[in-house]
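Structure first, then comments.
The values are calculated or read from the model by the stated rules, or taken from the named source; none is laboratory data. On a predicted model such as this, the values are computed, not experimentally measured, just so you know. A quick note on method: Cβ atoms are made from the backbone with ideal geometry, for glycine too, and the neighbour counts reach across all protein chains shown. What goes into the accessible areas is simple: the full protein's heavy atoms, side chains included, and nothing from ligands, DNA or RNA. Shrake-Rupley method; radii C 1.70, N 1.55, O 1.52, S 1.80 Å.
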Amino acid sequence: MINNNTQEKINNMLLSILVVLGIFAIGAYFFDFYYDLNDDMVIKDILAGVYSGTPDGHTNQMLYPIGLIISGLYRFMPGMPVFGIFLCVCFGICFYLISYRVQGFFKNGRVKGFSAALLGLIFLSLMLWEFIYVQYSVVCGVLVGTACFWFYTTPTECGVGEFWKKNLSALFLVWLAFLIRSEMLLLTTPFIAVVGICHWAEATQAEKEHSTEIEKKKIWKHALSKENMFKYIGFIIVFAIGFGLAIGADCLAYRSTEWQEYRGFFDARTKVYDYTWYPNYEDQKEFYEENGISKLQYQLIDNYNFGLDSTITENTLEIIASYGERPKMYGSISQRAKWTIVEMAKRMISQGEAPYNYYVVIGYGLVIGLAVVQKEKKYVWKLILLLIMRSIPWFYMIYVQRAVTRITHPLYIIEFLILLAMLVKELYDRPLWNVEKYYRMIAAGVLAVVSLIALPFGVMDVKAEQSRREVNLADQRLLDDYAKANPENYYYLDVYSTVSFMEKMFEDVDNSQKNYDLLGGWICNSPLQEEARERFVEAEDRKDAALVDEAAQEKAMDNQELSIAEVLITDNFYFVAKKNRDVSFVRDYYEFIDKKVMLEPQETLGEGENPFVVYKVKEKNDVRSK
């Protein structure tokens, strides 16, 4: 016979599943799910084998263990959108766990139903954009926020075994977040620390209240009791072990010389584009000339087509990064720090950050209101601690000019979920007196009103973005169809001509290898880029009945060893760019290496003012002598 406690858990599970299904149903009915950025698309292409021809876990962006698992699933289900399903399942797990934990605080069925509906409304109004336009860094942040919510709302008065059992979910979520995007996870550790300190302090207080009057004064004895050490220090150790194992497996997977060289190049490229930026060539001509960096190389770095020049190396980019102009933009360190603090304050009330910042501000207001109602001083130090700790990642991201939405939005979401956890735990975890009951209704009402106001604006933004993406998607499909219709050719694409490409996650899924690549991008110069071209050449060798003599076979094998610039002037390789793009840099580069070429248009793809143009790079007979 099922007892009431088990039946209640089943009811909570079913209601939480309904919340998740409802959110996904709304998203699927009214919108299309997209990979948010071309970064996510490249990761998907690598995992699915679209890029190199074989599913591969070496995404460089995610740690290898999770890449290995997802790429393994692609091998078993080659036609499925595995990565898209994985990211959506991560969202579903988060929605489910938060809802399930909240339902556990209620006994009344109608109250459960109202809370489930309110949570669904909050999720949609706060995270609609992130849920429809899925970005792996944001998924990492939402996983961390859910782990913080779950850990904070775990009962403090429980034994070591029960504590670990109840928090295995939080442990799993943080490990998963680390595997998905380790840099983002590390950025969120101040929030994790806040939750751990608050929970530890409450456990210490609970233990103190059950001790004698003399023992109550020995606060550190309670804080560092054997039970608390097994709980909290043990948790930190297990966290660290999990992180260490993941990093170790990742280092092992990238141990080869080729991958190490690529990772050095990737890190230098990241510094230049994401942190230091680079000075204008005309403004700092002397610097570039002193370091042997030509104007043409600067131009290739500026238009992201640096893959054309194999002499642009890690060292080249490190030199530029060390002289980057961004650190000098706001004067001295103290001046930049002052500017950063002012910018942090502005963002908390800026319309441009809505609704994320408004949810956070309202969360603080509701917790402060709760402190006044309950006349509890403990909220003061908790909120001050949260404000201090949240300032660490925010200060860093603004100071280094990396406060992009895929980082700031999850930071807001994590902070709000911690504040929501404070409200839920304190308002529903114990018997309330009348004023507190009224405040509970007020808090729920405020969150409902804010969500109802924010949701229509969110829907309008998402719909407007869907319309914009449909236009870009038409261009992408045009290029895809053309490439598929000419499988004997391989195309290198101008980066800026394709920067707006974002695929739908679950529509027109095709995991066969693409016969085109970018002339730059973050996967450029990786072993996977070489593997992708090698597989194409090998496949063409097998299909082309004309390659029967030994000389032709040797020529085909030589193509695998050539640089991109060298291979572009051979048969079956083409350059593609938008019509309005200045492609003179291609001719300039070949002239720089003592070759004269012409870009001969072969095809025009699409209509309108700015279609794609397919060029054949042909070498002229008259080569300039050195």
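Scanning segment 182-204 for any residue that is more than 23 Å from the chain's Cα centre (by Cα), among the polar types (S, T, N, Q) and modelled with pLDDT under 90 turns up at least one such residue.
Of the residues Leu119, Leu97, only one is closer than 14 Å to Gly22 by Cβ, in a helix (DSSP H, G or I) and in contact (Cβ under 8 Å) with a residue 40 or more places away in the chain; which? Going through Leu119, Leu97 in turn, the sole match is Leu119.
For segment 156-173, filtering for residues that are among the aliphatic types (A, V, I, L, M) and open to solvent by 40 Å² or more (accessible area, probe 1.4 Å) leaves 2.
If you filter segment 365-405 down to residues that are open to solvent by less than 20 Å² (accessible area, probe 1.4 Å) and among the aromatic types (Phe, Trp, Tyr), you find that the one that is modelled with the lowest pLDDT is Tyr379. Among the residues of segment 504-533, the one identified as within 22 Å of the chain's Cα centre (by Cα) and hydroxyl-bearing (Ser, Thr, Tyr) is Ser526. Listed by first and then second residue, the pairs with beta-carbon distance under 7 Å, at least 6 apart or on different chains, first residue in segment 154-172 and at negative phi, second open to solvent by 60 Å² or more (accessible area, probe 1.4 Å) and at pLDDT below 85, are Val160/Glu227. The residues of segment 561-592 that are open to solvent by 60 Å² or more (accessible area, probe 1.4 Å) and out of contact with any Leu (no Cβ under 6 Å at 6 or more places or on another chain), listed by number, are Glu561, Glu566, Asp571, Asn572, Lys579, Asn580, Arg581, Asp582, Arg587, Glu591. One residue alone among Gly67, Gly27 is assigned to a helix (DSSP H, G or I), under 23 Å from Glu183 (Cα atoms), open to solvent by less than 20 Å² (accessible area, probe 1.4 Å) and not hydrophobic (A, V, I, L, M, F, W, C), and that residue is Gly67.
For (1) open to solvent by 10 Å² or more (accessible area, probe 1.4 Å); (2) at pLDDT 95 or above, each residue gets a yes or a no:
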{"position": "Glu343", "(1), (2)": "yes, no"}
{"position": "Leu417", "(1), (2)": "no, yes"}
{"position": "Glu436", "(1), (2)": "no, no"}
{"position": "Ile442", "(1), (2)": "yes, no"}
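Taking segment 271-292 as the range and being under 18 Å from Gln401 (Cα atoms), of a type in the set (A, V, I, L, M, F, W, C) and either in a helix (DSSP H, G or I) or open to solvent by 90 Å² or more (accessible area, probe 1.4 Å) (or both) as the test, only Val272 passes.
When restricted to residues that are assigned to a loop (DSSP other than H, G, I, E, B) and within 33 Å of the chain's Cα centre (by Cα), segment 564-589 contains 5. From the list Phe76, Phe123, Phe105, Phe86, the one residue that fits, being of a type in the set (Phe, Trp, Tyr), within 17 Å of Leu173 (Cβ to Cβ) and open to solvent by 20 Å² or more (accessible area, probe 1.4 Å), is Phe86. On the basis of being out of contact with any Ser or Thr (no Cβ under 6 Å at 6 or more places or on another chain), surrounded by 14 or more Cβ atoms within 10 Å (Cβ to Cβ), outside any loop (DSSP other than H, G, I, E, B) and not aromatic (Phe, Trp, Tyr), does Gly244 make the cut? The answer is no for Gly244.
Considering the conditions (1) assigned to a loop (DSSP other than H, G, I, E, B); (2) in contact (Cβ under 8 Å) with a residue 40 or more places away in the chain; (3) hydroxyl-bearing (Ser, Thr, Tyr); (4) open to solvent by less than 10 Å² (accessible area, probe 1.4 Å), Thr59 is excluded by exactly one of them, (2). For the criterion of being in a helix (DSSP H, G or I) and open to solvent by less than 60 Å² (accessible area, probe 1.4 Å), Leu478 fails. Within this structure, Phe163 fails the test of being within 16 Å of Ile414 (Cα to Cα) and more than 13 Å from the chain's Cα centre (by Cα). Would a scan of segment 513-533 turn up a residue that is open to solvent by 10 Å² or more (accessible area, probe 1.4 Å), closer than 24 Å to Gln135 by Cα and in a helix (DSSP H, G or I)? Within segment 513-533, one or more residues are open to solvent by 10 Å² or more (accessible area, probe 1.4 Å), closer than 24 Å to Gln135 by Cα and in a helix (DSSP H, G or I). When Asp302 is tested against (1) open to solvent by 10 Å² or more (accessible area, probe 1.4 Å); (2) farther than 14 Å from Gly520 by Cα, only condition (2) is not met.
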